[in-house]
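Report on one structure; see the data block that follows.
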Amino acid sequence: MAMDDMTIGLRVRVKAGVTRGERLSFTFDGKPITAFRGESVAAALLAAGERTLRITAQKGAARGVFCGMGVCYDCMVVIDGEPSRRACTTLATEGMEVETLVGYGASR
Amino acid sequence: MSAPTDLGRADVAIIGGGLMGCATAYYLAKGGVDVALIDRTEINREASGANAGSLHLQVYIHPHFPDDWIDRIRPTIVLMREAAKGWATIEAELDADCGVRLGGGVWVAESPEEMALIEKKVAAERAGGVMSEIVMSNELRSIAPYLGEHVIGGSFFKGEGFANPLLVAPAHARAAKRYGARFFTNAPVTGITRESSGGFSISTGRAVFRASRVVAAAGAWTAELGRMVGLRLPVEGHAIQVQVTDGRPLVMLDHLLQHVGLGLTLKQSPNGTFILGGGWPAYYDRQQQRNTPLQNSMMGNAWVAARTVPAVGEAQLVRAWGGVGSGTPDGRPILGESSQVKGFYVCYAPLGFTMGPICGRILAEHFLTGEATVPLAPFTPDRFLEQAS
């Protein structure tokens, strides 16, 4: 497998018989992440091996994608400065700045 | 056709596995009574498990209620006083975590008219032994520093707070089982008939259960059970909703907050989430037999909450769900035995989450000793008899 396949998560993404949207890039805590148009932030982060999307306020415990369908709110992240956005129901877009949600996040 | 399956018999059959029924089962079983509880689905599935957890130990009133509302419900205040004592010791009584937090209860007003209603409420409460207090502007803000600018005053009762609806009824059920109470779930009662021996035969579809006495503990469905034995028990249910936010810094001091004019119950759980309620209407989906939240109610409720406690405006709503509210024409519980159908008891109260444990205890006391800490006469099911004709 080519190095590029690994970095864009093609070991996780299904390859056969899939037509992907345009390739784009966003950042997660400053690191570049590759996504394809139509993918959620959660899908792209999982494909990139990012499992911890937030740190709980009271116990400092790691949380990530749990239900994956918008119900549990465990995958909340900061997107372009706005805290408590669900990674699983937000589509990845070019240049988006995604950050780990630490505690309650900044006040809006 | 084969004969219905015989599920057995008990001295007392309780119909309804909400908090009211589970608490009645617990106190009766603890008193040595042979008791069985029957529920159409599983325990804690309706109002007891889907409410916002508020412990309403001050009189629940709003400006659109009838003018004589406080006079109608006045006998209930003594029951509320006993309920407050009960909630303070319930976790020790059941040896279980019920999520009880009694930081105190705050009612707020934004206008002199709303304040006048709170003053009327406090006077009635104090006369009945619920020692709430009027607190104005600065003093109120020292008790509840999280309040927004629109509040001019209100009342405070230090025994109020909240509990976790997911824990309370199941804790009673577990404790009841320790004393030998039996539970039959997924058994919808379809008929109750009097046997020649004087007892009751309770049909649940293809099965039948026999009991010397029956306790109707069916909350919003009490009227249906009444009809099965020919009694008018005018309990009406309605769909209401609750919503919850993401976790935010703790500001609300384990208080229950209520807004007399705008319809709000608000509290903050130990994990920081705000729980928004206040009887906002939900939609009853007849086909699915489910109460579904309405977006207008979500927005209105959130608006009142953020107006009253600005920190709520920082939070994000994460979930809303439908629950069940219910009431009687005089706003009082229905507790006790019917004189028309001997052996048929009713255990129902509006604000049933708050009143469930005390009603179960009082009914069991009355059942076991013929007397109770609180006089039951104002709550008798017989008071609806003359209106039946």
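The values are calculated or read from the model by the stated rules, or taken from the named source; none is laboratory data. The model shown is predicted, which means the values in this text are computed figures rather than measured ones. Ideal geometry is used to build each Cβ from the backbone, glycine not excepted, and the neighbour counts take in all protein chains shown. Quick note on the areas: whole protein, heavy atoms, side chains included, nothing else; ligands and nucleic acids left out. Shrake-Rupley method; radii C 1.70, N 1.55, O 1.52, S 1.80 Å.
Points worth noting:
- B:Gly336 long-range amide H proximity, modeled H, under 5 Å: B:Val346
- Solvent-accessible area of chain B (1.4 angstrom probe, protein heavy atoms only): carbon and sulfur portion equals 53 percent.
- Local charge for B:Asp254 was computed over the other residues whose Cβ lies under 12 Å away, with Lys and Arg +1 and Asp and Glu -1, and equals +2.
- When each of B:Lys30/B:Lys267; B:Lys120/B:Lys267; B:Lys85/B:Lys120 is checked by Cα-Cα distance, pairs over 31 Å: B:Lys30/B:Lys267
- Rolling a 1.4 Å probe over the protein heavy atoms gives the stretch A:23-107 an accessible area of 49 Å² per residue.
- Between the stretch B:191-243 and the stretch B:267-296, the alpha-carbon center distance in angstrom: 27 Å
- Ranked by the mean number of other Cβ atoms within 10 Å per residue, highest first, peptides B:171-181, B:253-263 order as B:253-263, B:171-181.
- Rounded, prolate or oblate (a/c below 1.5 giving rounded, otherwise prolate when a/b exceeds b/c) for the protein assembly as shown by Cα gyration tensor: oblate
- Loop GluC sites (Glu not before Pro), the stretch A:24-108, which have at most 15 other Cβ atoms in a 10 Å radius of their Cβ (DSSP): A:Glu94
- Loop-located GluC sites (Glu not before Pro) in the stretch B:327-380 (DSSP state other than H, G, I, E, B) with a sparse environment of at most 15 neighbouring Cβ atoms within 10 Å: B:Glu371.
- Heavy-atom accessible area per residue - the stretch B:1-75, 1.4 Å, Å²: 39 Å²
- Accessible area buried at the A-B interface, both sides summed, 1.4 Å probe (Å², nearest 100): 900 Å²
- The C-alpha atoms of chain B define a longest principal axis, and helix B:352-369 lies at about 40 degrees to it.
- Degrees separating the helix B:165-178 axis from the principal Cα axis of chain B, which is the longest one: 30 degrees
- For the protein assembly as shown, the Cys residues with no second cysteine's beta carbon closer than 4.7 Å are A:Cys75, A:Cys88, B:Cys22, B:Cys98, B:Cys347, B:Cys359.
- Residues in the stretch A:43-59 occluded by at least 50 Å² - accessible area, probe radius 1.4 Å, against chain by itself: A:Gln58
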